[in-house]
Amino acid sequence: MNKNQKFTRDDVEAMRAQNEIKFANIMQMILENGKQMKENDQRLAKSKLETDIQLKQLGKDLREADHRSKERLDKFGKYLGGIANSNGEMAEEYFYSAFVANKTFANENFDEVRKNMAYNNGYKKAEFDIVLFNGKSAVLIEVKYNAKPENISVDKIISRVEIFKTLFPECKNFNIYLGVAAMSFKEGLDAELRNAGIATIHQIGEKMVIYDKEVKVF
């Protein structure tokens, strides 16, 4: 436009109209951007809320799953404990019946066999799985379904001699023999017990077999 050109009133009005249109367009863009930002904020807030809900639900589901797992483990533990108890009772009944039928041990004959011989005076208590008597000797037999180092030790078996004589003073002058009876023995444990003078009693086929050649008096 020529700098010497003079603007008429119509020119000014036209320019003002154009500026108003530009301003209106700018304001429309600002409004649309504001609306878009608001929608984005709403979507973000909704997404965050949904995420929080999902996380809370996930946490709840995990806690419930953990609780169910613990319940199943408890039931499984009780089930295994029940099996172990049942196996132990079966082993005790088998060896008790076998000794009732044949009361011979370490070349001695016995006339009485007791099962689960217990003592408890409120201060001291003990239980002996199977005990054989003949008036001068007694045999203390520990029974396990599966004898292994975790549930049988030579020192613990031998320590029961003094406990027995203390709890049953009428037997304090008896010859005491020791034995471990089991349906199965961890490899090497039966030899370790016999080397310590403790007899091992096994189920072989349908018979009870006593290894008492190395047994000694305690």
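The values are calculated or read from the model by the stated rules, or taken from the named source; none is laboratory data. Predicted, not measured: the structure shown is a model, and the values here were computed from it. All Cβ positions, glycine included, derive from the backbone under ideal geometry; neighbour counts span all protein chains shown.
Observations, loosely collected:
- Among the residues of the range 108-121, just one is touching a residue at least 24 places away in the same chain (Cβ under 8 Å) and exposed (fewer than 11 other Cβ atoms within 10 Å of the Cβ), namely 111.
- In the range 127-155, the qualifying residues are those that are within 11 Å of residue 177 (Cα to Cα) and in contact with a Lys or Arg (Cβ under 8 Å, 6 or more places away or on another chain), and the one that is surrounded by the fewest Cβ atoms within 10 Å (Cβ to Cβ) is 133.
- A single member of 47, 69, 97 is surrounded by 11 or more Cβ atoms within 10 Å (Cβ to Cβ) and either part of a helix (DSSP H, G or I) or at pLDDT 75 or above (or both), and it is 97.
- Residues located in the range 83-131, provided they are aromatic (Phe, Trp, Tyr) and farther than 21 Å from residue 200 by Cβ: 119, 123
- Test: residue in the range 185-193 that is modelled with pLDDT of 95 or more, in contact with a helix residue (DSSP H, G or I) (Cβ under 9 Å, 6 or more places away or on another chain), surrounded by fewer than 18 Cβ atoms within 10 Å (Cβ to Cβ) and over 20 Å from residue 108 (Cβ atoms): yes
- Answer residue from the range 126-139, given it is in contact with a helix residue (DSSP H, G or I) (Cβ under 6 Å, 6 or more places away or on another chain) and either within 14 Å of residue 168 (Cβ to Cβ) or of a type in the set (Gly, Ala, Ser) (or both) and is modelled with the highest pLDDT among those: 138
- Filtering the range 195-218 to residues that are exposed (fewer than 11 other Cβ atoms within 10 Å of the Cβ) and at pLDDT below 95 leaves 204, 205, 206, 207, 213.
- Just one of the listed residues (124, 136, 103) is touching a Leu at 6+ places or on another chain (Cβ under 7 Å), among the charged types (D, E, K, R), touching a residue at least 12 places away in the same chain (Cβ under 8 Å) and closer than 20 Å to residue 217 by Cβ, and it is 103.
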